[in-house]
Amino acid sequence: MRHSVQKRVLLFGGISLGVALLVGCLPALGSGEVLVSLAIIGCALVFFGLIFGLQVWLMTSGGPVLAVGPAGLWIKTRPTRGQAIWLPWEAIAQVYRRRWALEKMVCVRPHDPRTGTNLGAFTAVDSSMQQLFFGTGFTATLNFADRPEAEIMGAIAHYAAGRVPIN
């Protein structure tokens, strides 16, 4: 499973457009200067477009986020570009879904809490943030993936074959 660039661009593009219109319309309310408002909207669109474009690129260019098979799964260890970790089904304690804001995630909790602790400083920071929000450092998107949520969870359930509780 990979990130869906189209879904991310629609989300971040909509946010950028909304913020740019809001920022650009505020001066127009007081002064009536249409040209100034259009210039501010244009600058805000470029600024937020660059920020969100970089974020989309970081999220979507790092390769697959999740790969599932009969022996276990590979899951990305960072939300942006980074490495993945192999977890055999026997090392997984639980697979569950969580939601944070607009993002629906599949979370994989290993039996050993030390799993993934030697993956580097940046991964440790990202993993600790994910641990705080999701209860585990190993997560993959469900609603911004290139496949439907039902297909992803169905594949996990199929390949886990009852060896791992799935909630």
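Just a few scattered comments:
- For region 37-116 versus region 123-167, the inter-centroid distance based on Cα atoms is 10 Å.
- Span-like helix ranges in the chain, DSSP H, alpha carbon extent 30 angstrom or more, Kyte mean at least -1.0: 5-31, 34-60
- The chain - percent relative contact order, Cα under 8 Å, separation 6 or more: 23
- Rg ratio for the chain: its Cα radius of gyration over 2.2 N^0.38 Å, N being its residue count, equals 1.28.
- Using the Stokes-Einstein relation with a Kirkwood hydrodynamic radius computed over Cα pairs, the translational diffusion coefficient of region 66-160 at 4 °C and a viscosity of 1.567 mPa s comes to 97 µm²/s.
- Scaled radius of gyration (Cα, divided by 2.2 N^0.38 Å) that region 124-167 gives: 1.34
Here, each number is a calculation from the coordinates, and none is a lab measurement. These figures come from a predicted structure and were not determined experimentally.
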